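J.: Right, I'll just put the structure down here and ask away after.
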Amino acid sequence: MKWSKIHLFTQKEAPSDAEIPSHKLMVRGGFIKKLAPGLYTYGFMGLRAIRKFENIIRNELDKINCIEILMPMVHPKELWMETNRWNEMGAGLLKFKNRNDHEFCLGATHEEAIVDYVRHDLKSYRDFPKNIYQIQTKYRDEIRPRFGLMRGREFSMKDAYSFDMDQAGALKAYDQMYEAYTRIFNRLGLQFRIVKADAGNIGGSQTHEFQLLAEAGEDALLVSDKTAFAANIEVCPAIDAIPYQSKEKEFKATEKFATPGQKTIADLEKFTSVPANELVKTLFYSANEGFDAKDKSLKAFAVLLRGSDEVNPIKVKNFLKLTNAPRMLNDDEVREVSGAAPGSCGPVGLKIPVYADNGITNLKNYIVGANADGFHLKNVNHERDYKAQFADLRMAREGDKCPDSDGTLKAYRGIEVGHVFYLGQKYAQKMNGVFLDKNGRSQFYEMGCYGIGVTRTVQASIEQSHDQDGVIWPKAIAPYHVHICLLDPKDEALAQYVDKMDQALTEKHLDVFIDDRDERPGFKFKDADLLGFPVRVVVGKKGFDADQIEVVNRKTKEVHKVTRDQVNQTVQKVLESL
Ligand code: ATP
Ligand code: MG
């Protein structure tokens, strides 16, 4: 393909809303262009990378007999009401009415649609197993779309769904998909980790995320320095490396004391000279998820933590079996349940459920708010002064103990590019997905669902593979393998030579791009670096006449000066070395 034949305009400057390198480079290279927040046009080169990645996915899913279909993007409300996710998904689901006042949403995920697709056909144990996928545009009305394709509102996802008769079959399908994903991301040649994760409101019990490692990643990961343990911080167990032992021997009598103006843990630490890890803070939440418009009650509860710890809302959600992370109470609501402002609250005397993080277990004679403005209580002890249910509710952090060994956890940042879930019978039960087993009994089938963020992965690979001059495409998804800078495009002999090279390399299944624009060499080299295809060949009159052509490795910048008939061979060699 020749540059003069396509629509491709590079930019010197990145747009001001582009904060991370991959976003800047994708826009500057013309790979994508913003239409509105979270909505992007994939340009000619961007789309080629996307298509190549899709084909890697297709190839690997084919190997595990996962078959491709394509479902509608617009779904009727009734379908999503069957699982109640019409309500549970909240504002993330974009809803609208058609001309007949019929309600619809845009597909944010397709569990409901796929169950509807198969439930009339999967009737007998002989119909299993089945594994089905699609590659399709999803729409999620993300609150804050950002980082280009990383968090779009419209984005492309590969979503697969497995159907099995029993749990053993479903877990086998899960393992097969896990292996296929491993092969897919290995083929990109990028650094990734497979981590334990939260199931979100898809539901299900076993789940792993595939995370590409990158500074700009939105996800915090904790990885063991001793074992294969790796988890998203959202679900990582928090275990102190050195278990806390209180120096206090006996329970002392509780005492109320004045703490005027002391609102935060930092204030209190200074005021009392007690370190934050020996103070206890009290947070208030509501478990009312608002799915039932008539239910206006405030289902308040309190969470206790050491002053030095942070609450993990996902752990709280999972512990209380909520659909979404709980909402923090506002100051008025806190006063309603505790009688004081947030800085002066504590667990003693509360009439609502109290949940305490495990970090408090070994504290003795500690300080909490007194539920009276400007006062705290000292020498408070759980069991004696208040009752709480204990659980792991705090954020794990770097340096915590590895849950599997005596190792410690190390922090990384990652970009979630894939996610595998074992769903069990959740959707089958809600949507009447039944079949007759060998004994003629009606059973619910077992499901798994498996996503890959196609467009996110393409950008994430740039986030992991670039330098100050531009993109360094992984060979497997590079829009083109070879970038020929044709410096004197009007010269007949050069043009002919380049066309021949194009033909010969194309026969070897390589994709060749020719910059035949009427531009200065320096300008062309800059664009070649920006576009980032693996090998650059420089064909100018001077080198051609001297029978010395430059073949450049984009990643290492290594230059090979070879004769005209050695060029194709050298190009292939450089590509093989990548
Ligand atoms: P996130 O936690 O990043 O919001 P998610 O866990 O909600 O993602 P899944 O439902 O697991 O996403 O979707 C499967 C995959 O789709 C994700 O692993 C991710 O790669 C991709 N994805 C999800 N949301 C977006 C988005 N807004 N833009 C681009 N890709 C996305
Ligand atoms: Mg996910």
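J.: Restricting attention to segment 501-555, and to residues there that are touching a residue at least 60 places away in the same chain (Cβ under 8 Å) and among the aliphatic types (A, V, I, L, M), which single residue is surrounded by the fewest Cβ atoms within 10 Å (Cβ to Cβ)?
T.: Going through the qualifying residues, I end up with A504.
J.: Same structure again: Kindly indicate the residue of segment 426-444 that is under 12 Å from M165 (Cβ atoms) and of a type in the set (D, E, K, R) and also surrounded by the most Cβ atoms within 10 Å (Cβ to Cβ) among those meeting that condition.
T.: D437
J.: Name, by its number, the condition in (1) assigned to a strand (DSSP E or B); (2) near ligand 1 (Cβ under 9 Å from one of its atoms); (3) in contact with a Leu (Cβ under 6 Å, 6 or more places away or on another chain) that does not hold for Y412.
T.: (2)
J.: Also: K34 is checked against (1) part of a helix (DSSP H, G or I); (2) of a type in the set (K, R); (3) within 16 Å of ligand 1 (Cβ to nearest atom) and fails just one. What number does that condition carry?
T.: The single condition K34 does not satisfy is (1).
J.: Can you tell me which residue is nearest to L320 (Cα to Cα) among those in segment 185-228 that are more than 16 Å from ligand 2 (Cβ to nearest atom) and hydrophobic (A, V, I, L, M, F, W, C)?
T.: Applying the filter and picking the extreme gives L222.
J.: Same structure again: From the set of residues in segment 275-329 that are more than 29 Å from the chain's Cα centre (by Cα), more than 20 Å from G343 (Cα to Cα) and among the hydrophobic types (A, V, I, L, M, F, W, C), which is surrounded by the fewest Cβ atoms within 10 Å (Cβ to Cβ)?
T.: The extreme case among them is A293.
J.: Only one of these conditions is not met by V115: (1) assigned to a loop (DSSP other than H, G, I, E, B); (2) out of contact with any Leu (no Cβ under 8 Å at 6 or more places or on another chain); (3) aliphatic (A, V, I, L, M). Which number is it?
T.: All conditions pass for V115, except number (1).
J.: If you don't mind, there's one more thing I want to ask. Mind checking which residues of segment 307-366 are among the aliphatic types (A, V, I, L, M) and not in a loop (DSSP other than H, G, I, E, B)?
T.: V311, I314, V316, M328, V334, V337, V354, A356, I360
J.: I'd like the full set of residues that are under 30 Å from Y450 (Cβ atoms) and either polar (S, T, N, Q) or within 16 Å of ligand 2 (Cβ to nearest atom) (or both), limited to segment 388-412.
T.: The answer is S405, and nothing else.
J.: Are there any pairs with C-beta distances below 6 angstrom linking a residue in segment 430-445 that is polar (S, T, N, Q) to a residue that is part of a loop (DSSP other than H, G, I, E, B), with the two at least 6 apart or on different chains, and if so which?
T.: Q443/D437
J.: Separate question: Spot the failing condition for D488; the list is (1) crowded, with 24+ Cβ neighbours inside 10 Å; (2) touching a Leu at 6+ places or on another chain (Cβ under 6 Å); (3) farther than 30 Å from A170 by Cβ, and only one is missed.
T.: Answer for D488: the failing condition is (1).
Okay, residues lined up against (1) in contact (Cβ under 8 Å) with a residue 12 or more places away in the chain; (2) not charged (D, E, K, R):
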residue: F185; (1), (2): yes, yes
residue: F192; (1), (2): yes, yes
residue: Q206; (1), (2): yes, yes
residue: E218; (1), (2): yes, no
residue: V223; (1), (2): yes, yes
residue: T227; (1), (2): yes, yes
residue: A230; (1), (2): yes, yes
residue: P237; (1), (2): yes, yes
residue: E250; (1), (2): no, no
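J.: Would you point out which residue out of D159, D116, D166, D121 is under 24 Å from the mean Cα position of the chain (by Cα) and either among the acidic types (D, E) or buried (at least 19 other Cβ atoms within 10 Å of the Cβ) (or both)?
T.: So the residue among D159, D116, D166, D121 that is under 24 Å from the mean Cα position of the chain (by Cα) and either among the acidic types (D, E) or buried (at least 19 other Cβ atoms within 10 Å of the Cβ) (or both) is D159.
J.: Could you please find all residues in segment 144-166 being more than 16 Å from ligand 2 (Cβ to nearest atom) and either free of Cβ contacts under 8 Å to residues at least 40 places away in the same chain or small (G, A, S) (or both)?
T.: Hits for segment 144-166 are R144, G148, S162.
J.: Restricting to segment 63-81, name every residue that is surrounded by 14 or more Cβ atoms within 10 Å (Cβ to Cβ), free of Cβ contacts under 8 Å to residues at least 60 places away in the same chain and of a type in the set (A, V, I, L, M).
T.: L79
J.: Sticking with this structure for a sec: Applying the selection to segment 448-463, what residues are away from ligand 2 (no atom under 14 Å from the Cβ), within 21 Å of A180 (Cβ to Cβ) and of a type in the set (S, T, N, Q)?
T.: T455, S461
J.: Restricting attention to strands (runs of 3 or more DSSP E) lying wholly within segment 417-512, give those where 3 or more residues are touching a Ser or Thr at 6+ places or on another chain (Cβ under 8 Å) and within 16 Å of ligand 1 (Cβ to nearest atom).
T.: Result: 446-453.
J.: Something else now. Answer yes or no: is there a residue in segment 82-95 that is free of Cβ contacts under 8 Å to residues at least 12 places away in the same chain, within 26 Å of L423 (Cβ to Cβ), charged (D, E, K, R) and not in a loop (DSSP other than H, G, I, E, B).
T.: The initial filter retains those residues of segment 82-95 that are free of Cβ contacts under 8 Å to residues at least 12 places away in the same chain, namely none.
The answer is no, given that none of the residues of segment 82-95 is free of Cβ contacts under 8 Å to residues at least 12 places away in the same chain, within 26 Å of L423 (Cβ to Cβ), charged (D, E, K, R) and not in a loop (DSSP other than H, G, I, E, B).
J.: Would you mind stating whether L25 is modelled with pLDDT of 95 or more, in a helix (DSSP H, G or I) and in contact with a His (Cβ under 7 Å, 6 or more places away or on another chain)?
T.: yes
J.: Can we say R28 is among the basic types (K, R) and within 21 Å of the chain's Cα centre (by Cα)?
T.: no
The values are calculated or read from the model by the stated rules, or taken from the named source; none is laboratory data. Remember, it's a predicted structure, so these values are computed and weren't measured experimentally. We place every Cβ from the backbone using ideal geometry, glycine too, and count neighbours over all the protein chains shown.
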